[in-house]
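> Let me give you the structure first, and then I'll get to my questions.
The values are calculated or read from the model by the stated rules, or taken from the named source; none is laboratory data. A quick note: this is a predicted structure, and the numbers were derived from the prediction, not measured. In this analysis, Cβ positions are derived from the backbone assuming ideal geometry, glycine residues included, and neighbour counts consider all displayed protein chains. To get the accessible areas, we keep the full protein, side chains included, count just its heavy atoms, and leave off ligands, DNA and RNA. Shrake-Rupley method; radii C 1.70, N 1.55, O 1.52, S 1.80 Å.
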Amino acid sequence: MKMGRGIPLNDQDRIPWLCKLHGILLRDVASGQHVVLACSALKKMYRDILIQGQDGAPQKCGEPDQVKLFVVYLSGSFEVISGRLHKRKGHFMPPELLQSQLNTLEPPSAPENFLQVSVDRELSEITATIRETLKGQ
């Protein structure tokens, strides 16, 4: 895996994975499930793929072609995020890739459906904010 070797992923690496996630979202939503997907959809284009798949992707008869997506954007300073990454053990993404992730990041903006939450807050506050917001969705 590239990231495990300290090599940032590019669009060509990410798009097939995002298309697979879109298919999983379509399947689960079509079966009536509410789905939480945790991933780093860093660019608007990546979030668009999660919603509608990649242009030209085959659609299965009877399935919706779009997913209603609500993005929780966890924002924070390089220092806070880096500190947390250094505390993780055995994760596939080394902390050295954080800067490349931040360089790639296109924070969500209107008209995207999103909530921005600062990671500077306590975990209990973050989850409470997310839960309250999701109740209204």
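> Do the conditions hold for E79, that is, is it assigned to a helix (DSSP H, G or I) and either open to solvent by 40 Å² or more (accessible area, probe 1.4 Å) or touching a strand residue (DSSP E or B) at 6+ places or on another chain (Cβ under 6 Å) (or both)?
Against the criterion (assigned to a helix (DSSP H, G or I) and either open to solvent by 40 Å² or more (accessible area, probe 1.4 Å) or touching a strand residue (DSSP E or B) at 6+ places or on another chain (Cβ under 6 Å) (or both)), E79 qualifies.
> Quick check: is even one residue across segment 108-126 assigned to a helix (DSSP H, G or I), of a type in the set (D, E) and within 18 Å of K2 (Cβ to Cβ)?
Filtering segment 108-126 for residues assigned to a helix (DSSP H, G or I) gives 123-126.
With the extra rule that they be of a type in the set (D, E), the set shrinks to 125.
Next, only the ones that are within 18 Å of K2 (Cβ to Cβ) stay: none.
Looking through segment 108-126, none of the residues is assigned to a helix (DSSP H, G or I), of a type in the set (D, E) and within 18 Å of K2 (Cβ to Cβ).
> Looking at segment 24-54, which of its residues are assigned to a helix (DSSP H, G or I) and within 15 Å of the chain's Cα centre (by Cα)?
I24, L25, K44, M45, Y46, R47, D48, I49, L50, I51, Q52
> Quick check on my filter: what residues within segment 1-15 are assigned to a helix (DSSP H, G or I) and exposed (fewer than 11 other Cβ atoms within 10 Å of the Cβ)?
R5, Q12
> Identify the residue in segment 16-49 that is free of Cβ contacts under 8 Å to residues at least 24 places away in the same chain and within 20 Å of Y73 (Cβ to Cβ) and, among all such residues, is surrounded by the most Cβ atoms within 10 Å (Cβ to Cβ).
D48
> Residue check, T129 against (1) modelled with pLDDT of 95 or more; (2) outside any helix (DSSP H, G or I), all met but one. Which one?
(2)
> Check off (1) more than 26 Å from P16 (Cα to Cα); (2) part of a helix (DSSP H, G or I) for Q137 and give me the number that stays unchecked.
For Q137, the exception is condition (2).
> Considering only segment 89-107, state which residues are more than 13 Å from M3 (Cβ to Cβ) and either small (G, A, S) or open to solvent by 60 Å² or more (accessible area, probe 1.4 Å) (or both).
Result: K89, G90, Q99, N103, E106, P107.
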